[in-house]
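The structure appears below as structure tokens.
Each value in this text was obtained by applying a stated rule to the coordinates, not by laboratory testing. Just so we're clear, the structure is a prediction, and the values are computed from it rather than from any experiment. In this analysis, Cβ positions are derived from the backbone assuming ideal geometry, glycine residues included, and neighbour counts consider all displayed protein chains.
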Amino acid sequence: MALHLNLNHELERVRAQRRRDPFKLSMIALAIIAAGFAAQYFWVLGKSTLLTREVEARRAEFATKEPLAKAAVAEEAELKRKLGNSDRFHKRIEGRFYWSPLIQEVVQTVPANIQITRFAGDVTGDEAKKVQVNLDGLAAGEKPRGVAEDFLQKVRTALEKKYRNVTLSFRHLEDGTDTIPVDGKPQPTVNFAINIQFQHGEAPTAAPVRKP
């Protein structure tokens, strides 16, 4: 009878052991998973700490270089302003109008029976300069009006070779009261005043036409 009781006790013990084994295995598995999460947490925490330190270092570097960058931007703007002024100054010098070539062109067209009494001019505009000239004089000949008109045409032809939009017209053309000897003979005279206008410099660039 006692032997029978011992076997039952052993069977119960084995059964209890089997019941406890899955629990132990689950606990072990949970412990492994927890350890894995803990390791991942510490790894992420370490990486985050490194990134935070790097960000702080970059911020400190930016704080030291930001004033230098602002100073560089201000210096660049000042240099651009000075270069722009210099370019405009050079363009103004290179594009300025010289009166001596114009006077030379006019003088070369003056015949012996014409006397220039007044030469006055003015220049307006920046790049495409508009030149205005008032030319007064005295013409003598058998037909002094024809002499003055021929002179106007010669001046126009000479200026059109060098300048743009040349226009010439008589401001007045009046008979004179005096005579002037031409080739030893006294000839009647006319007083004339010629308005001259033309453009000097580069022609303005036309804006491109957009096709619809």
> What percentages, rounded to whole numbers, describe P(r) for the stretch 99-200 computed over all alpha carbon pairs with 10 Å bin width beginning at zero?
Replying inline: 15, 48, 26, 9, 2
>> From the phi angles alone, apply the Karplus equation (6.51, -1.76, 1.60; θ = phi - 60°) to the stretch 168-174 and give each ³J(HN,Hα) in whole Hz, x where the residue is Gly or Pro.
In response: 10, 7, 7, 6, 7, 9, 10
> In nm, to one decimal, how far is the GLN132 label point from the TRP43 one, both placed 7 Å along Cα→Cβ?
Replying inline: 8.8 nm
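Between ALA69 and ARG96, how high is the FRET efficiency from 1/(1 + (r/R0)^6) when r is the Cβ-Cβ distance and R₀ = 35 Å? Nearest 0.05. Please list the in-between numbers first.
Details: r = 41 Å, r/R0 = 1.17.
Rounded to the nearest 0.05, the efficiency is 0.30.
Compute the signed sum of charges (Lys and Arg +1, Asp and Glu -1) over the other residues within less than 14 Å, Cβ to Cβ, of LEU51.
+2
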